[in-house]
Structure formats: structure tokens, C-alpha cells
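Worksheet for the structure shown next.
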Amino acid sequence: MTTCRPAVEDHLQACLTSLTLEQKVRLLTGASFWTTQPEPSIGLRSMVFSDGPSGVRGVVWDERVPSLNLPSATALAASWDPDLAYRYGAALAAEARDKGVDVVLGPTINLHRSPLGGRSFEAFSEDPLLTAELASAYVRGLQDHGVAACPKHYVANDFETERLTTNVEVDERTLHELYLAPFERAVTDAGAWLVMSAYNSVRGTTMTENELLRTPLCTEWGFDGVVVSDWTAVRSTEPSARARQDLVMPGPRGPWGEALVQAVRDGQVPESAVDEKVRRLLRLATRVAALGITAPSTASPPPPIERGPALAREVCAAGMVLLRNNGVLPWPVGGPASVAVIGEHAARSRTQGGGSATVLPEQISHPVDGLPDALPHARVEWSRGVPVHQGILALPLASLTDPDSAEPGLRARYLGADGQELLSENRRAANLVWLGTLPEGTRSVELRTRYRATETAAMGLSVAAAGQLRVLVDGAPVLDTDLAPEGTSLGAALFAPPTAVVEVSAAEGGELEITVEYGVPEAIATARVTAITIGTSAPDWSVPDGIAAAVAAARDAEVAVVVVGTTARLESEGFDRADLNLPGAQDDLVRAVAAANPRTVVVVNAGAPVTMPWRDEVAAVLLSWFGGQEFGHALADVLLGHTEPGGRLPTTWPAAEADVPVLTTSPADGVLRYDEGIHVGYRAWARAGRTPAYPFGHGLGYTTWELTDLHVAAALPGQPVRVTATVGNTGRRAGRQVLQAYLSKERSAVDRPVRWLAAFASVHAEPGARHQVDLTLPARAFAHWDNGWQTESGTYTVHFGTSAEDLPLSARISILPT
């Protein structure tokens with residue numbers, strides 16, 4: 001746990017003493033959507049927050065201010081590599097410092113309780129230990145470089161459906177052993193400077209008022225940082241102010257302010273509670289160099305390589321999981337002479353999941369870019385396959401001209417209530433989002449552009465937004481409608497807004513002048529948060545024709561690479577998934593291509609599990625997750641064997657949705673019951689006696705391994721246990737293996753998983769080399785929660801191997817009571 005020096009604490013107290021009650025309370029609500037209030041009298045500047053966790057956007061969601069787009073959290077987690085997670089955090093710190101950001105809202109360390117979780121791509125794993133190890137390294141990588149990390153969302157926010165209001169019913173043991181455990185490590189091991197309180201309730205109390213903010217967070221774990229709310233999560237004055245909630249975001253409006261000042265004067269909230277919140281806020285300011293004389297925790301910049309795409313490429317390859325391989329991979333030296341690259345995702349890959357995690361990179365390498373770059377002498381041809389993407393495709397920048405400036409893009413005018421122009425600017429994209437950055441007083445937005453058509457055809461001109469829309473083409477009205485979002489979730493309104501479509505005629509090379517007048521709803525105008533996209537309906541070509549073309553391309557090529565995946569309408573903040581199927585006719589496409597070319601490699605571009613009914617019919621299956629901005633180049637590295645696919649599954653992948661033991665993310669009457677208790681993920685599969693398609697921890701790599709000589713040292717009460725084994729590379733290539741140790745206890749007085757992960761490590765070895773691997777099983781690995789951590793004496797079994805189901809070595813160990 002990071003602590004401040006006594007002299008710093010004395011300075012904080014002096015600052016606090018000099019402030020009036022009104023000044024102190026003012027500091028506890030944000031100044032804007034992304035900034036805190038300054039206080040010049042004590043030398044305090046505003047602190048800047050930014051969304052993460054896989055890129056740092058800064059204070060604007062703006063295509064003119066690009067950001068490094070790292071692979072999704074599931075891709076990082078698949079590396080099982082805390083050192084890489086540290087470097088990932090350091091890269092984010094470099095980006096944050098370049099953008100003037102003090103606090104990165106990440107990592108997301110909720111668990112993959114159900115594969116239907118719409119935001120699973122943004123979290124690490126179904127296992128609390130793997131999540132905790134990676135989260136701690138990520139936090140250190142950020143904070144060692146002077147930028148604050150903010151682990152989120154505390155706690156049990158493992159779903160999106162009705163997330164603002166749902167009450168999670170979970171027992172104490174499950175809460176401590178699974179859902180609190182990653183946060184505990186982020187605080188006690190990595191010294192996180194902030195924690196974000198979640199929207200949901202736990203056991204009947206919303207998290208911004210919940211006693212869990214005090215105990216165990218502050219009392220047992222020694223957290224001395226800031227509890228910041230998820231945006232708009234604080235909805236009360238006295239209850240949240242009496243709790244260990246410290247900072248209300250966003251601002252400047254909120255439920256504290258003058259109401260909190262009055263509550264203190266009326267004796268409903270003690271001023272000492274306000275003082276403690278301010279002290280914590282000022283302590284954060286010292287850590288990020290925002291308070292006068294203080295200095296940041298470190299002035300050391302990250303290594304230069306962490307500042308660019310190189311790390312994104314490395315993480316993507318390190319997280320790719322080779323699920324199946326009949327020998328077709330890696331491709332031989334020089335690569336194949338011809339490659340059929342098939343699928344919409346090959347040309348429009350998903351590099352990140354939808355929602356607040358989204359950043360806009362300067363450029364993206366898709367497979368249709370990366371493979372030709374890596375195979376300059378090969379014939380690489382793309383076939384689009386079957387329709388996949390749903391909803392609206394934004395008009396491309398290359399086809400847009402701002403009619404006022406003649407620059408690429410469109411003209412955005414922001415108008416007040418009486419129609420006066422507040423701001424006019426050129427924007428260089430047709431999909432725009434404003435998170436607290438809509439100009440103050442905006443009641444309507446006018447977007448104008450000249451669109452140059454690429455073919456002669458009728459097109460479905462589409463606009464996505466929540467609110468009143470009027471669309472004109474060449475000055476003539478073609479659409480006038482009011483679009484209401486589904487439900488009341490701001491996330492759904494922002495990240496999956498309703499769409500209106502009108503058919504217009506376009507001639508190849510001709511221009512259409514398009515004007516969209518958007519009336520901003522009052523609630524949105526107040527929050528200054530909205531989104532709008534101008535585009536075309538996703539193309540809906542013939543499935544039979546698309547499959548026939550793909551089959552022809554596959555037959556004519558030495559190898560076929562089919563890239564399949566999910567869409568932004570399936571994996572995003574704001575909603576959970578309805579099922580685990582690949583959208584559209586992608587399963588039919590894969591089967592047809594595999595039948596035409598026995599050397600078919602399928603690349604799965606999804607952030608979380610999907611079902612793959614064809615998995616045994618193809619030569620290889622490679623899981624790429626959401627691969628970040630260097631996805632195409634990293635994929636080429638892996639297929640050609642320049643880099644080994646280093647990933648191992650951080651979550652279980654089912655053969656069929658019906659097999660999944662824990663599935664529901666939907667509350668009943670406002671309550672979501674975690675009745676499965678501690679049996680989540682691979683633990684639930686083992687308890688149910690079910691076999692998944694691919695188990696937790698699975699991954700093949702490009703070589704083979706032998707595990708021998710397991711030895712477990714004698715255990716001393718309350719002390720860690722050393723485990724050693726010999727690992728040999730029996731293949732003909734150098735490689736990396738992730739070794740995993742699980743525990744079990746056959747006769748136990750308490751309910752236990754069939755087995756649970758206790759430690760892991762990785763080894764790199766040349767062909768024929770043998771290495772001793774050392775693992776340390778912490779004393780906590782043997783403990784369970786029962787009004788505190790208790791260790792049951794008796795005989796445990798250590799299982800050693802390479803996945804939750806491939807555990808060829810075992811040894812017994814006796815544990816004495818502490």
C-alpha cells in the first residue's frame with residue numbers, strides 16, 4: 001500500500017485547515033465531465049480523468065485527437081504475463097502524460113461470471129487469482145510512472161442489464177473469495193490510488209452508500225486513496241456522504257454541493273467526514289503533482305518502445321490462443337504462394353469492444369493489410385463472405401467534404417435554444433460522440449457534408465441518434481422523426497442508439513449534399529452527452545453468392561484464412577449478449593470454405609466466448625480477441641511463425657450455450673442472485689461434470705512439452721508452499737509454456753471447488769531444453785472466508801499442468817492449522 005510521507009500529510013492538514021466548509025464541499029464534485037475542481041488558494045489545480053482501460057482517450061472523444069489502441073483486456077489476460085501487464089500499464093501512462101491526464105479509469109477487474117456479459121472483453125478473467133495478478137501489475141505500471149490507476153467497478157458489477165439499479169445478492173464467502181479478491185490485491189500489493197464505486201447495489205444498498213466502501217476497503221486493506229463514483233452513480237446526499245464515497249463525478253452539478261453544506265450545518269453529516277474526503281483528494285493530488293509544492297511519485301518516463309504501436313503488436317500476438325492445429329501452422333518459411341482471406345472482419349476488424357473503452361487510433365492494421373505486407377511475393381486476395389455487421393456503417397472520410405472549408409469531413413454547428421450559433425467546426429468523421437463535451441447551452445446540432453458516391457445505386461442513408469432528427473438531401477427534406485432509445489440506459493443510448501433509414505439515389509462520382517438537424521433532448525443537453533452517426537445501412541448482399549465467391553477463392557488458393565467475429569451490437573458496454581452465436585451466416589461460411597480447402601485457418605475476432613460448431617472441421621482455430629490497432633500485422637507474425645501464439649484461455653469456452661453452468665445476467669424483479677456461490681467459470685464446469693470445447697488455461701503454441709518431477713515442499717503453518725517441477729521442450733521450435741498449479745481437498749468441512757487455481761508461471765525454452773519451474777502457493781490459497789480467513793487443516797492435493805483439465809502431475813501436502 002502506497003503511503004505519503006509525514007511531511008506531506010502535515011501539508012495536507014494545513015491545506016485542509018485553511019479551507020471553509022463551502023470550499024471543501026466544492027472540491028468533492030467534479031468541475032466538468034472529466035475534471036476535478038481547482039482551489040487556487042492552496043495551489044491545487046484541476047485533475048484530469050480519462051476513460052481506459054485499453055487506451056487513453058483524454059477529455060474528448062474526437063477523431064482529431066487519436067489514441068494508442070491496445071488489445072482488449074481479455075487479450076492481455078490470455079498472455080498470463082504480469083510483466084507484460086506492467087508494460088501495458090506503462091504504455092498507458094505514457095499516453096496519459098502526453099494528453100495531460102492524471103487518472104486512467106482502469107483496469108476493469110470484474111469477473112467473467114457469465115459469458116453473456118456484454119462487457120467481458122474489458123475485464124480479464126473468470127478466475128480471481130489470474131485477475132488479481134494482472135490487475136496489480138497493470139496498476140503498478142501506471143503509477144510507477146506518475147499516473148493514477150482506478151480499478152473498477154467495485155463491486156459485483158459483472159453484467160450490464162439494468163446495471164444502474166440491480167441489487168446483487170451474494171453471500172459473504174463468495175464476495176470475499178471471488179469478487180473482492182482482485183480489488184484487495186490492487187490495493188494491498190499495488191497501492192492503487194483510486195477505486196471506482198459501481199452503479200449496482202450489493203445486498204440491498206447501492207454501492208456509493210455501501211459499507212463495503214469502508215470495510216474491508218479502508219479498514220482491513222488500508223486503502224488511503226479516493227473512492228470516485230462511476231459517472232452519475234451517486235444519487236443521494238446524506239447516505240453517500242456518510243459513507244466512504246469521496247468524489248462525485250461528473251460535475252459541476254450533483255447531489256452534494258449546497259445540499260451537502262446544509263446537511264453538515266444541520267448535523268446530518270459530520271464535518272469530519274467531509275474533511276476525510278478532502279484529505280484523500282488532496283493526497284491523490286500530491287501523487288499526480290497537482291498540489292502546489294508536491295512532486296509526482298516518479299518522474300521516470302516509460303521506455304520509448306512502450307509509447308507506440310510496437311507494444312500493441314506484441315500484446316496481440318502474446319494473447320492469441322491457438323485452440324486447434326492439425327499441423328498447418330505455422331506456415332513454412334517464405335509463406336504460402338497464395339492466400340484467400342475471407343470475411344468482413346478481415347477488412348473491418350474489431351480492435352476493441354464498444355462503449356467507454358473505445359478509443360480512436362491514428363491507423364489500424366487489418367488482416368487485409370497485414371498479410372499482404374508480410375507476403376509481398378504471394379497472391380493475397382480478399383473475399384467478403386457473408387453479411388455480418390449490423391446497423392449503420394459510417395460514411396467514410398474519403399467520401400466526405402466539408403461544404404464550408406472544402407476540407408475532408410463535415411461541418412458541425414452547435415446551436416442554442418434561440419437558434420444562435422455557439423460553435424462551428426470541421427469534424428473528420430461521420431460517427432461523433434460527445435461525453436460531457438457538447439458545448440454548454442447546445443439544444444441542436446447541425447451536420448452538413450458533401451458525399452461523393454462510389455457507385456450508381458440506391459443507398460439506405462442512415463442516421464443513428466436518440467432525439468429529434470430532420471434530414472435533407474440537396475436541400476429537400478427526406479426524413480423527419482423522433483427516435484427514442486430502448487430502455488433508460490445512457491450506455492445503450494450512446495453506444496447502440498436507434499437508427500432511421502431513408503432510401504436515396506446516388507450516381508457514381510456524383511455528390512449529394514447531406515444535412516442532418518439533430519434536436520438534442522433536454523436531459524442529454526444538461527449532461528452534455530450524446531452521439532450521432534451518419535452512414536449507410538450495413539450491406540445486405542446474398543448469402544449464397546457470398547459463400548460461393550468465398551468457396552471459389554478458397555479452392556484457388558494454397559491456404560484460406562477465414563476471419564469471423566462479433567459486432568458492436570453484441571459486445572459493448574450498455575447491454576449484455578442475447579446468445580453466444582456468431583452473427584449472420586458465419587458458421588455456414590466456415591463450413592463451406594473448410595470443405596473447399598483442407599488448409600483452412602479460422603481466426604476468431606471476438607472479445608469473449610462464442611460457439612464454434614465447425615471447430616473440428618477446420619485445420620486450425622486461432623483466437624485473436626479484440627487485437628488492437630496492430631491486429632493485422634500481429635496476425636501475420638503468428639501465422640508465419642515469426643512469433644508464437646503465446647495465449648492461454650483466461651476463461652472457459654463452451655461447445656454449446658446450453659452447456660454453460662452459470663449463464664444468466666438478467667435480474668428478476670430487480671435482483672440478480674449469485675446463487676452459484678464460489679463455483680464460477682471452470683469451477684462451475686468441474687462441479688457440473690461438464691466438458692467445454694476448450695478449458696480454462698488451454699492453448700497449444702508451436703511446440704510440445706513434457707512435465708516431470710513434481711515436488712511439493714513441506715508446509716509450515718501460515719507460510720507459503722514451494723512447488724517445483726521440470727519442464728522440457730520436446731519439439732523442434734523454441735516456445736513458451738504457461739504452467740498452472742491447482743489445489744483440491746477431497747474431504748472438507750466446507751463447500752469447495754473441485755479444484756482452484758493457486759499459482760502460475762511461464763517458461764521459455766529452446767528445443768530439447770529442460771528447466772526447473774518454481775511456483776509459490778501463498779498461504780491464502782489454502783484459506784476460505786468465514787468471518788475472516790480460515791485455514792482448514794488436513795491433506796490437500798496439488799495438481800500441476802497446462803490447463804484446468806490437463807493436469808498430469810499431482811502430489812499431496814499436509815496443512816496444519818495456523
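The values are calculated or read from the model by the stated rules, or taken from the named source; none is laboratory data. Nothing here was measured: the structure is a model prediction, and the numbers come from that model. With ideal geometry, Cβ positions are generated from the backbone for all residues, glycine too; neighbour counts draw on all protein chains shown. For the accessible areas, the whole protein counts, side chains as well, though only heavy atoms, and no ligand, DNA or RNA atoms are used. Shrake-Rupley method; radii C 1.70, N 1.55, O 1.52, S 1.80 Å.
Things to note:
- Taken over segment 621-642, the residue count meeting the criterion of being more than 23 Å from Phe121 (Cα to Cα) and buried (at least 24 other Cβ atoms within 10 Å of the Cβ) is 1.
- Flag for Val471 being at pLDDT 90 or above, in a strand (DSSP E or B), open to solvent by less than 40 Å² (accessible area, probe 1.4 Å) and closer than 26 Å to Leu164 by Cβ: no
- Sub-8 Å Cβ pairs linking a first residue in segment 365-382 that is basic (Lys, Arg) to a second residue that is surrounded by fewer than 19 Cβ atoms within 10 Å (Cβ to Cβ) and not in a helix (DSSP H, G or I), at least 6 apart or interchain, are Arg379/Ala337; Arg379/Ser338, ordered by first then second residue.
Matching residues to (1) of a type in the set (A, V, I, L, M, F, W, C); (2) more than 23 Å from Ala759 (Cα to Cα):
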residue	(1), (2)
Trp653	yes, no
Pro661	no, yes
Val671	yes, yes
Glu706	no, no
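- Checklist (1) part of a strand (DSSP E or B); (2) more than 20 Å from Ala507 (Cα to Cα); (3) at pLDDT below 95 applied to Arg411, failing item: (3)
- Whichever residue in segment 203-238 is buried (at least 22 other Cβ atoms within 10 Å of the Cβ) and of a type in the set (Val, Ile, Thr) and, among such residues, is farthest from Gly89 (Cα to Cα): Thr206
- Subset of segment 38-49 [surrounded by 19 or more Cβ atoms within 10 Å (Cβ to Cβ) and assigned to a loop (DSSP other than H, G, I, E, B)]: Met47
- Residue-level check: of (1) on the phi < 0 side of the Ramachandran plot; (2) open to solvent by less than 50 Å² (accessible area, probe 1.4 Å); (3) in contact with a strand residue (DSSP E or B) (Cβ under 7 Å, 6 or more places away or on another chain); (4) part of a loop (DSSP other than H, G, I, E, B), Ile678 misses just (3).
- Of all the listed residues (Glu573, Glu522), the sole one being among the charged types (D, E, K, R) and either in contact with a helix residue (DSSP H, G or I) (Cβ under 7 Å, 6 or more places away or on another chain) or more than 30 Å from Thr166 (Cβ to Cβ) (or both) is Glu573.
- Count of residues meeting criterion [closer than 15 Å to Glu513 by Cβ, open to solvent by 30 Å² or more (accessible area, probe 1.4 Å) and among the small types (Gly, Ala, Ser)] in segment 395-417: 2
- Residues that are more than 30 Å from Gly735 (Cα to Cα) and open to solvent by less than 10 Å² (accessible area, probe 1.4 Å) within segment 58-92 comprise Gly58, Ser67, listed in sequence order.
- Qualifying residue in segment 661-678 (condition: within 15 Å of Asp806 (Cβ to Cβ) and touching a helix residue (DSSP H, G or I) at 6+ places or on another chain (Cβ under 8 Å)): no
- Breaking point among (1) free of Cβ contacts under 8 Å to residues at least 60 places away in the same chain; (2) surrounded by 20 or more Cβ atoms within 10 Å (Cβ to Cβ), for Glu746: (2)
- Residue in segment 365-376 that is modelled with pLDDT under 95, surrounded by fewer than 18 Cβ atoms within 10 Å (Cβ to Cβ) and part of a loop (DSSP other than H, G, I, E, B) present: no
- Test set (1) crowded, with 19+ Cβ neighbours inside 10 Å; (2) out of contact with any helix residue (DSSP H, G or I) (no Cβ under 7 Å at 6 or more places or on another chain) - Val551 fails condition number: (2)
- Matching helices (runs of 4 or more DSSP H) fully within segment 513-609 where at least 3 residues are of a type in the set (D, E, K, R): 586-596
- Filtered by the rule that a residue be among the aromatic types (Phe, Trp, Tyr) and surrounded by fewer than 16 Cβ atoms within 10 Å (Cβ to Cβ), segment 769-808 gives a lone residue, Trp789.
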